[in-house]
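Colleague: Submitted below is the structure of interest, expressed as structure tokens.
The values are calculated or read from the model by the stated rules, or taken from the named source; none is laboratory data. Treat the numbers as computed from the prediction; the structure is a model and nothing was measured. Quick reminder, even Gly has a Cβ in these numbers, built from the backbone with ideal geometry, and neighbours come from all protein chains shown. Side chains are part of the model used for accessible areas, which takes the heavy atoms of the whole protein and leaves out ligands, DNA and RNA. Shrake-Rupley method; radii C 1.70, N 1.55, O 1.52, S 1.80 Å.
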Amino acid sequence: MGPGRDFVGYGPKPPDFVWPDGSSVAVSIVVNYEEGAELNLLEDGVNDTWGEYSTIVDPPWRDLGTETHFEFGSRVGIWRLARMFDEYGIPVSFGACAVALERNPPLCKWLRAHEHEVLGHGYRWTDDWKLDREEERARMRLAIESVERTTGQRVRGWYVRSFPSVNTRELLVEEGGFLYDSDACNDELPYFADVNGRPFLVVPYTKVFNDNRYFIAPTYGTPHDFFENLRLGLDTFVREARGGYGSKLMTVGIHSRWTGQPNRADALRRFVEYVLASDDAAFVRRVDVARFWIDTFG
């Protein structure tokens with residue numbers, strides 16, 4: 001039946017701690033890199049629907065509009081983001097589909113030359129929650145091997161398209177080598193979930209501090225809306241921490257095909273500068289969050 005539901009979590013008394021660098025808000029940028037691994041008519045018999053517009057193109061016609069929008073993310077957008085991370089020297093986590101990395105060797109070379117985390121995001125960007133247990137396990141193993149071959153990193157975290165299956169977390173524990181998963185969106189702090197009597201760390205993700213709102217309702221009217229969304233969130237976290245309500249993890253989800261656009265990249269740049277100017281917040285990779293939480297609370 002999969003994981004149970006928990007409606008209490010930490011309740012009114014979250015853990016009392018500060019992050020290793022002394023900040024009260026750890027800001028985790030997750031670059032969702034899916035370009036080249038998405039659904040498409042040539043490989044799957046269906047077209048993907050997560051491009052720049054919501055029109056659905058039914059087979060037997062290819063959706064070249066969506067296909068080329070994804071290509072923008074790998075050809076242009078990812079490099080605009082990479083230059084920004086280089087310029088500011090901030091650590092990020094790349095949630096990358098294995099096949100997407102295979103199809104962009106220059107990006108893999110860049111990742112090998114940097115210390116950013118590569119976070120497992122499936123073998124391809126497909127609806128893995130529809131897979132049976134053995135097929136999901138097989139694709140997970142393909143992804144692990146592929147990412148290590150292309151980037152030199154053994155993935156320590158995992159999340160897939162939209163949401164996991166009822167088997168995903170158990171498969172991560174059975175496979176071994178994973179420190180955490182990020183499929184849940186139910187908290188602002190990491191927590192340990194029980195998996196067949198064993199604790200396993202969850203580092204929650206977010207669909208709120210996410211550039212998918214350029215695409216899905218209620219949408220951002222301009223990139224300024226995305227910046228304001230992030231700024232207000234960070235301000236609230238800092239205010240709560242100063243008020244004695246504990247430190248927080250702020251996850252920011254972006255995509256190279258969306259935030260890699262020049263106008264939208266400016267909103268991320270403004271937020272990066274806003275965080276760097278704060279005495280209360282700092283950027284961190286998710287794997288470092290996981291290691292800290294395991295060492296401190298495990």
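Colleague: With the full set of protein chains in place, find how many percent of the accessible area of the range 107-194 is carbon and sulfur; take the probe as 1.4 Å.
Modeller: Answer for the range 107-194: carbon and sulfur cover 48 percent of the accessible area.
Colleague: Where the only charges are on Cβ atoms (+1 Lys, Arg; -1 Asp, Glu), what is the dipole of the range 197-298 about its Cα centre, to the nearest 20 debye?
Modeller: Computed charge dipole of the range 197-298: roughly 340 debye.
Colleague: Moving on. Taking +1 at the Cβ of each Lys and Arg and -1 at the Cβ of each Asp and Glu, which of 24, 99, 64 sits farthest along the dipole of the range 1-157 towards its positive end, judged by Cα position relative to the Cα centre?
Modeller: With unit charges placed on the Cβ atoms, the residue in question is 24.
Colleague: Could you tell me the accessible area of residue 185 in Å² (1.4 Å probe, neighbours in place), rounded to the nearest ten?
Modeller: The value for residue 185 is about 70 Å².
Colleague: Hey, another quick one. From the C-alpha gyration tensor of the chain, pull out the three semi-axes of the equivalent ellipsoid (sqrt of 5λ each), sorted largest to smallest, in whole Å.
Modeller: Semi-axes (√(5λ), whole Å): 29, 24, 18.
Colleague: Sticking with this one: Extent of the range 116-180 along each principal axis, from alpha carbon coordinates, in Å, largest to smallest?
Modeller: Sorted largest first, the three principal extents are 29, 22, 18 Å.
Colleague: Report, to the nearest whole %, how much of the accessible area of the range 24-99 belongs to carbon and sulfur atoms, 1.4 Å probe, protein only.
Modeller: The C+S portion of the solvent-accessible surface of the range 24-99 is 57 percent.
Colleague: Considering the alpha-carbon set of the range 149-298 alone, what are its Rg and its Dmax in angstrom?
Modeller: Final numbers for Rg and Dmax: 16.7, 48 Å.
Colleague: Next question. Considering all projection directions equally, how large on average is the shadow of the alpha-carbon convex hull of the range 211-292, in square nanometres?
Modeller: 6.1
Colleague: Under unit Cβ charges (Lys, Arg +1; Asp, Glu -1), what dipole magnitude, rounded to 20 debye, does the chain have relative to its Cα centre?
Modeller: The dipole magnitude comes to about 400 debye.
Colleague: Let me ask something else. In the full protein assembly as shown, how much of residue 126 is accessible to a 1.4 Å probe, in Å² to the nearest 10?
Modeller: Number for this one is 10 Å².
Colleague: If you don't mind, there's one more thing I want to ask. Just subtract the alpha-carbon distance of residue 5 and residue 194 from 0.36 nm times their residue separation and send over the number in nm, one decimal.
Modeller: Answer, rounded to one decimal: 66.9 nm.
Colleague: Beyond 21 Å, what percent of the Cα pairs of the range 79-153 remain?
Modeller: Tail of P(r) above 21 Å: 30 percent of Cα pairs.
Colleague: Please report how far the C-alpha centroid of the range 78-101 lies from that of the range 1-61, rounded to the nearest whole angstrom.
Modeller: Distance between centres, Cα-based: 16 Å.
Colleague: Another question, if that's okay. For the range 1-138, what percent of Cα pairs sit more than 26 Å apart?
Modeller: In whole percent, the long-distance tail amounts to 43.
Colleague: Also, quick follow-up: Counting helices only, and only those DSSP H runs with n ≥ 4, report the 222 nm mean residue ellipticity of the chain as the sum of -39,500 (n - 2.57) divided by its residues, in deg cm²/dmol to the nearest 500.
Modeller: One gets -11500 deg cm²/dmol as the mean residue ellipticity at 222 nm.
Colleague: Would you mind telling me the antiparallel percentage of the DSSP bridges in the chain, rounded to 5?
Modeller: So the antiparallel bridges amount to about 15 percent of the total.
Colleague: Sticking with this structure for a sec: If you roll a 1.4 angstrom probe over the protein chains with everything in place, what fraction of the accessible area of the range 206-295 belongs to carbon and sulfur, to the nearest %?
Modeller: 50
Colleague: If you don't mind, another one. Which residues' amide hydrogens lie under 5 Å from the amide hydrogen of residue 205, considering only partners 5 or more residues apart or on another chain, with H built in the peptide plane?
Modeller: 184, 185, 186
Colleague: Could you do me a favour and compute the accessible area per residue for the range 1-140, 1.4 Å probe, result in Å²?
Modeller: Per residue, the range 1-140 has 50 Å² of solvent-accessible surface.
Colleague: So, one more: Given the C-alpha atoms of the range 73-206, compute the convex hull and give its volume per residue in Å³.
Modeller: 111
Colleague: On to the next question. Can you give the log10 of the normalised intensity I(q)/I(0) at q = 0.21, 0.35 Å⁻¹, computed with Debye over equal Cα scatterers of the range 3-43?
Modeller: Each listed q maps to, in turn, -0.87, -1.15.
Colleague: Could you give the dipole magnitude of the range 72-213 about its Cα centre, charging the beta-carbon of Lys and Arg +1 and that of Asp and Glu -1, in debye to the nearest 20?
Modeller: So the dipole magnitude of the range 72-213 works out to roughly 580 debye.
Colleague: Report the residue, chosen from 176, 260, 120, that carries the largest GNM mean-square fluctuation when the chain is represented by alpha-carbon nodes joined by springs under 10 Å.
Modeller: Judging by the Gaussian network model, the answer is 176.
Colleague: Additional query: Tell me, in nm to one decimal, what length is gained between residue 295 and residue 87 on full extension, where the rule is 0.36 nm per residue of separation less the Cα-Cα distance?
Modeller: Residue separation times 0.36 nm, minus the Cα-Cα distance, leaves 71.7 nm.
Colleague: Further question: Rank 212, 36, 265 by how far each Cα sits towards the positive end of the charge dipole of the chain (+1 on Lys, Arg Cβ; -1 on Asp, Glu Cβ) and give me just the farthest.
Modeller: It is 265, whose Cα lies furthest towards the positive end.
Colleague: Give the lysines reachable from residue 248 as a straight Cα distance under 26 Å; neighbours fewer than 8 places away on the same chain don't count.
Modeller: Within reach: 13, 207.
Colleague: Multiplying the sequence separation of residue 219 and residue 276 by 0.36 nm and subtracting their Cα-Cα distance, what value in nm do you get?
Modeller: 17.8 nm is the gain from fully extending residue 219 to residue 276.
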